[in-house]
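Asker: Got a structure here, written out as structure tokens. Questions coming.
The values are calculated or read from the model by the stated rules, or taken from the named source; none is laboratory data. Only a predicted model underlies this, so the values are computations on that prediction, with no experimental measurement involved. We place every Cβ from the backbone using ideal geometry, glycine too, and count neighbours over all the protein chains shown.
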Amino acid sequence: MADFNNFGVSDEENVEIKKLTLEVEADTDNFESWEKLIRACEGQEGGLNRNSSPQALAALRDVYDRFLLKFPLLFGYWKKYADLEFAISGPESAEMIYERGCASITNCVDLWTSYCSFKMETTHTPHLVRELFERGALSVGLDFLAHPFWDKYIEYEERQEAEEKIFSILQRVIHIPMHQYARYFERFRQLAHNRPIKELVPSDTLARLKAEVDAENTAYGGGARTELEIERDIRAKIDTMFYEVFQKTQEETTKRWTYEAEIKRPYFHVTELENSQLANWRKYLDFEEGEHDFARTAFLYERCIVTCALYDEFWLRYARWMSAQPGKEEEVRHVYMRAATLFVPMSRPGIRLQWAYFEESYGRIGVARDIHEAVLMQLPDCVEAIVSWANLERRQNGLDAAIQVYKTQIDAPHVNLFTKAVLVTRWAFLLWKIKGSVDEARAVFLKNVQWYADSRHFWEKWLDFELQQPTSLELESQHGERVKQIFQELTVKSRISSAAKKELFLTYLTYLQERGGTDAMKHFLTVDREIYGPASLTILDKTTTKENGIAKAPLDEATRVRAESRYPAFYEYYIEPDSSSQGTASFQ
């Protein structure tokens with residue numbers, strides 16, 4: 001941020017801007033805080049102009065730059081920024097802002113129209129203005145509501161009194177399905193009546209039409225005709241061709257009208273969209289994909305991801321659709337890059353992991369690895385990203401490389417115990433399912449129970465592991481002892497809630513019923529009494545009240561909520577031991 005302590009900013013303004021800056025930095029997603037900060041910077045010294053202090057101008061530019069880096073799709077602020085730069089520094093500075101804005105939101109009709117209008121007023125070299133209009137036409141010309149842009153383009157050529165240019169523009173526009181297609185066609189027809197016939201259609205088409213007129217005249221026994229009569233008949237045929245174009249455009253417009261009418265917010269905003277709006281975009285995309293026009297479908301996706309920029313569903317859909325088009329590797333990469341670096345919050349890492357899979361599929365293993373590392377820099381407890389990274393290493397470098405990823409993360413001090421417990425079970429399942437070593441997998445559970453006894457997920461996975469081991473009549477007794485050991489360890493070492501333990505013990509009771517031996521019901525009734533009996537008989541609370549000198553203490557509320565929201569399938573109850581019980585997994 002700019003240094004507000006220097007000249008140009010009053011003490012009162014300095015305090016207010018610093019206060020608002022701290023609010024923004026505390027929550028960069030808070031749109032209202034950004035708006036307040038921008039207004040405060042704009043209001044410095046009674047309103048900024050080209051005579052304002054450099055320090056005040058630097059503060060304004062810094063805020064706008066950071067705000068538009070965070071929210072690059074807010075086209076109105078790009079225009080506002082450009083207007084401020086024009087008032088402060090002149091057209092060159094304003095043009096730089098417009099260029100940045102149009103690069104950030106390439107398909108914004110309003111921004112391109114404003115930029116072209118600005119260029120019309122500040123540049124007196126026609127070919128430079130036309131070059132900009134042509135860039136805009138490629139970016140927004142297909143938009144259903146592109147009429148403000150095309151109107152501005154036609155207005156410029158009217159100023160230049162370039163009727164042939166106007167006619168050329170209209171020749172393009174009459175083929176585009178959009179809201180005001182009819183009025184463009186009417187003007188096109190009016191101009192066509194006064195344009196030379198050779199300008200209306202390509203030379204080969206003109207020759208064909210002339211031959212048709214001559215053939216018709218001969219067939220009906222007509223005599224010699226003047227050039228004017230022949231041209232009149234050719235123009236009638238051309239007019240029929242144009243009317244067919246009009247009908248086709250009308251038909252294509254009507255197809256899209258229903259979807260367009262349902263779009264209530266065609267621009268980006270941080271507030272959520274209604275479900276009906278999301279459903280309409282899905283149906284509209286389905287329709288356009290079914291038309292099999294690459295340019296129109298790609299353009300609709302670009303419109304969609306402006307409005308739905310915060311919904312990774314549409315970014316993923318766009319990437320998948322683009323990947324199905326031949327030779328579009330870079331375009332797919334660009335979709336993922338924009339989603340991951342600008343729009344989809346890091347708290348939803350799925351799009352980034354999908355990007356990593358894409359890069360891996362093209363042999364860019366280092367890039368895929370870097371993406372995983374970038375996610376974990378921001379979300380060190382993200383189980384999904386760690387498991388994905390481990391699987392990447394397993395595919396490319398073997399089982400030991402995958403296990404090393406788990407070991408590194410388990411040893412990392414910034415990864416919480418709950419996440420580590422999940423990673424330990426993943427490590428064990430790798431040894432079991434991939435390496436095929438049941439003994440090594442079992443050893444991982446046994447050696448790490450002391451560290452992760454308070455993770456319900458750890459117990460569920462250990463139990464699942466043992467229950468899935470194949471047995472025989474001869475080995476069933478040994479298998480039963482292993483399962484029994486798990487529940488003995490659970491009873492003695494774990495401080496998960498009594499309710500969670502009771503749910504786990506239900507599995508054990510079922511096991512005793514279905515797979516126990518001749519004396520199984522004795523043990524069944526003992527467990528039933530000690531776990532589900534009245535308070536005077538149950539052993540659960542007695543064994544978990546104080547163990548190793550550590551009293552039960554739930555995690556703080558913020559950590560609990562975070563764990564529950566991130567890992568709802570794994571989380572029920574978690575207890576944070578004091579520092580004396582902290583440890584790391586055993587790799588011995």
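Asker: Please state which of the following conditions Leu111 fails to meet, knowing it meets all the rest: (1) at pLDDT below 95; (2) aliphatic (A, V, I, L, M); (3) closer than 30 Å to His147 by Cβ; (4) assigned to a helix (DSSP H, G or I).
Answerer: (1)
Per-residue answers, yes or no, for (1) more than 29 Å from Tyr115 (Cα to Cα); (2) at pLDDT below 90:
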site	(1), (2)
Val15	yes, yes
Leu20	yes, no
Thr28	no, yes
Glu32	no, no
Phe67	no, no
Asp83	no, no
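Asker: Any idea how many residues of segment 402-439 are among the acidic types (Asp, Glu) and either within 15 Å of Val387 (Cα to Cα) or touching a residue at least 60 places away in the same chain (Cβ under 8 Å) (or both)?
Answerer: Initial filter on segment 402-439 (among the acidic types (Asp, Glu)): 411, 439.
Imposing the further condition that a residue be either within 15 Å of Val387 (Cα to Cα) or touching a residue at least 60 places away in the same chain (Cβ under 8 Å) (or both) reduces the set to 411.
Within segment 402-439, residues that are among the acidic types (Asp, Glu) and either within 15 Å of Val387 (Cα to Cα) or touching a residue at least 60 places away in the same chain (Cβ under 8 Å) (or both) number 1.
Asker: If we scan segment 503-522, do we find a residue that is surrounded by 13 or more Cβ atoms within 10 Å (Cβ to Cβ), assigned to a helix (DSSP H, G or I) and over 52 Å from the mean Cα position of the chain (by Cα)?
Answerer: yes
Asker: State whether one or more residues within segment 256-273 are part of a helix (DSSP H, G or I) and more than 27 Å from Leu111 (Cα to Cα). Can you show your working first?
Answerer: Keep residues of segment 256-273 that are part of a helix (DSSP H, G or I), which gives 256-262.
From what's left, more than 27 Å from Leu111 (Cα to Cα): none.
No, there is no match, as no residue in segment 256-273 is part of a helix (DSSP H, G or I) and more than 27 Å from Leu111 (Cα to Cα).
Asker: So which residues in segment 123-151 are more than 33 Å from the chain's Cα centre (by Cα) and crowded, with 21+ Cβ neighbours inside 10 Å, if there are any at all? It would help to see each step written out before you state the result.
Answerer: Our first condition is that a residue be more than 33 Å from the chain's Cα centre (by Cα); within segment 123-151, this holds for 123-130, 151.
Scanning segment 123-151 gives a single hit, Val129.
Asker: Moving on. If the Cβ limit is 6 Å and pairs must be 6+ apart or interchain, which residue in segment 316-338 that is farther than 12 Å from Glu359 by Cβ pairs with which residue that is acidic (Asp, Glu)?
Answerer: Met322/Glu331
Asker: Under 9 Å between Cβ atoms, which residue pairs at least 6 apart in sequence (or on different chains) link something in segment 126-138 that is touching a residue at least 12 places away in the same chain (Cβ under 8 Å) with a partner that is exposed (fewer than 15 other Cβ atoms within 10 Å of the Cβ) and part of a helix (DSSP H, G or I)?
Answerer: Ala137/Arg172
Asker: Pairs, please: C-beta under 8 Å, at least 6 apart or cross-chain, first residue closer than 16 Å to Leu206 by Cβ and in the same structural domain as Ser203 (by TED's automatic domain parsing) and in segment 228-250, second acidic (Asp, Glu) and in a helix (DSSP H, G or I)?
Answerer: Short answer, once both residue conditions are applied: Ile230/Asp214; Asp233/Glu216; Lys237/Glu212.
Asker: In addition: Does any residue of segment 52-63 turn out to be closer than 29 Å to Pro177 by Cα, outside the structural domain of Arg183 (by TED's automatic domain parsing), surrounded by 15 or more Cβ atoms within 10 Å (Cβ to Cβ) and among the hydroxyl-bearing types (Ser, Thr, Tyr)? So that I can check it myself, show each step before the final result.
Answerer: Residues of segment 52-63 closer than 29 Å to Pro177 by Cα: none.
No: segment 52-63 contains no residue that is closer than 29 Å to Pro177 by Cα, outside the structural domain of Arg183 (by TED's automatic domain parsing), surrounded by 15 or more Cβ atoms within 10 Å (Cβ to Cβ) and among the hydroxyl-bearing types (Ser, Thr, Tyr).
Asker: So in segment 526-539, with the set limited to residues that are part of a helix (DSSP H, G or I) and closer than 25 Å to Asp464 by Cβ, which one is farthest from the chain's Cα centre (by Cα)? Spell out the reasoning first.
Answerer: First pass over segment 526-539, keeping only residues part of a helix (DSSP H, G or I): 526-532.
When the remaining residues are screened for being closer than 25 Å to Asp464 by Cβ, the result is 526-528, 530-532.
Details: Thr526: 54, Val527: 50, Asp528: 50, Glu530: 51, Ile531: 48, Tyr532: 48 Å.
Within segment 526-539, the match that is farthest from the chain's Cα centre (by Cα) is Thr526.
Asker: Now for a different question. Please enumerate the residues belonging to segment 358-370 that are surrounded by 14 or more Cβ atoms within 10 Å (Cβ to Cβ) and either in a helix (DSSP H, G or I) or within 11 Å of the chain's Cα centre (by Cα) (or both). It would help to see each step written out before you state the result.
Answerer: We begin by selecting, within segment 358-370, every residue surrounded by 14 or more Cβ atoms within 10 Å (Cβ to Cβ); these are 358-360, 364-365, 367-369.
Phe358, Glu359, Glu360, Ile365, Val367, Ala368, Arg369, listed by residue number.
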